[in-house]
Amino acid sequence: MTEKKIRILIADDQTLFREGIKMLLAAQPDMELVGEACDGVEAIELACALQPDVLLLDLKMPRKDGLAALREIAERCSSIHI
């Protein structure tokens with residue numbers, strides 16, 4: 001029986017941080033990275049398109065900060081845990 005993996009989206013403008021999180025997630029058999037965003041606008045687009053189970057969201061990002069992105073994602077995609 002195959003267990004369902006936790007689908008995760010990372011949103012952070014720091015490439016090095018995203019790479020570190022990706023390495024940690026790759027070692028977890030029950031987690032799957034489904035996407036990564038480098039700013040708040042991209043985070044909203046990908047969250048709504050990919051519908052991850054969890055979004056790891058940085059608060060200080062360009063174009064739209066994490067708090068503004070969080071509000072919009074919560075309104076548009078309420079099933080995502082942020």
Rounded to the nearest 10 degrees, what's the angle between the helix 66-76 long axis and the longest principal axis of the chain, both from Cα atoms, 0 to 90? 70
Tell me the relative contact order for the chain as a rounded percent, counting alpha carbon contacts under 8 Å between residues six or more apart. 33
Pull up the cross-link candidates among the aspartates and glutamates for K22, meaning alpha carbon to alpha carbon under 13 Å and not fewer than 8 places away within one chain. D12, E32, E36
Whenever you get a sec, compute what percent of the accessible area on the chain sits on carbon and sulfur atoms (1.4 Å probe). 57
The chain accessible area per residue, 1.4 Å probe, protein heavy atoms, integer Å², reads 64
In whole Hz, what ³J(HN,Hα) sequence does region 47-64 give by Karplus (6.51, -1.76, 1.60; θ = phi - 60°), x for Gly and Pro? 4, 5, 6, 8, 6, x, 6, 9, 10, 8, 10, 6, 7, 10, 9, x, 6, 8
Quick one: 3J(HN,Hα) in Hz for region 16-26, Karplus 6.51/-1.76/1.60 with θ = phi - 60°, rounded, Gly and Pro as x. 4, 5, 4, 5, x, 5, 4, 5, 5, 5, 4
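The values are calculated or read from the model by the stated rules, or taken from the named source; none is laboratory data. This one's a predicted model, so the numbers in the text were calculated from it and none came from an experiment. Keep in mind that these areas ignore ligands, DNA and RNA; they rest on the heavy atoms of the full protein, side chains included. Shrake-Rupley method; radii C 1.70, N 1.55, O 1.52, S 1.80 Å.
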